[in-house]
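What follows is one structure encoded as structure tokens, with my remarks underneath.
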Amino acid sequence: MKNASQRILVMGVSGSGKSHIGMQLATSLGATFIDGDDHHSPANVAKMASGTPLNDDDRREWLDTLAGLFAEYRRLDRSVVIACSGLKKRYRERLRSGDPALHILYLEGSRELLQQRLETRPGHFFKGDTMLASQLADLEPPSEEEAFNASIALSPQEIVNRFVTTLQAPSRSPS
């Protein structure tokens, strides 16, 4: 019997481990992994690399692209895991427009741990404490009804295992 396909958003601020955990989750589920950062426009990447935070207008086309990817995987009945900050509730609603049954895994952590991770991440366009401060200021954490919340203090494998167990539980599935 074939497992039902699933579309999953792995969200959190920069440094939370979205890409790393998203890849592990996709492997665990036999799904495609897409890093939302790969779909930013060159102008957005340049803006972030210069230390200037993105605003709602900057993110609009990017979110539309990712929502379109969720919709396409739903249409194809294929599983996909997309890593995307999903900072604001309206951003997540836009992404959910691509798939009303979208599951969300929210990676949460202390500012100190996030900053420490960002400082040890070579070659990424996201730079500086100002950028992290901007994302934390924009963040509208999802409720437990909207998402499965996981502390980044846990190991990536433990986060993935807990989320997969939750997905498989008949009584409650994050959506």
Next on the checklist: Within segment 144-158, take every residue that is farther than 22 Å from Q115 by Cβ and either of a type in the set (V, I, T) or within 15 Å of the chain's Cα centre (by Cα) (or both) and give me the one that is surrounded by the fewest Cβ atoms within 10 Å (Cβ to Cβ).
Outcome noted: E146
Item to check | Qualifying residue in segment 10-28 (condition: modelled with pLDDT of 95 or more, surrounded by fewer than 22 Cβ atoms within 10 Å (Cβ to Cβ) and either farther than 23 Å from A153 by Cβ or among the basic types (K, R) (or both)) | outcome: no
Checklist entry - In the set P170, P141, which member is modelled with pLDDT of 90 or more and not in a helix (DSSP H, G or I)? => result P141
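Just to be sure before I move on: is R111 in contact (Cβ under 8 Å) with a residue 24 or more places away in the chain and in contact with a Ser or Thr (Cβ under 6 Å, 6 or more places away or on another chain) in the structure I sent?
no
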Item to check | Residue identified as modelled with pLDDT under 95, farther than 30 Å from A43 by Cβ and polar (S, T, N, Q) among S151, S79, S110, S97 | outcome: S110
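The values are calculated or read from the model by the stated rules, or taken from the named source; none is laboratory data. Since we're looking at a predicted model, the values are computed, not measured. With ideal geometry, Cβ positions are generated from the backbone for all residues, glycine too; neighbour counts draw on all protein chains shown.
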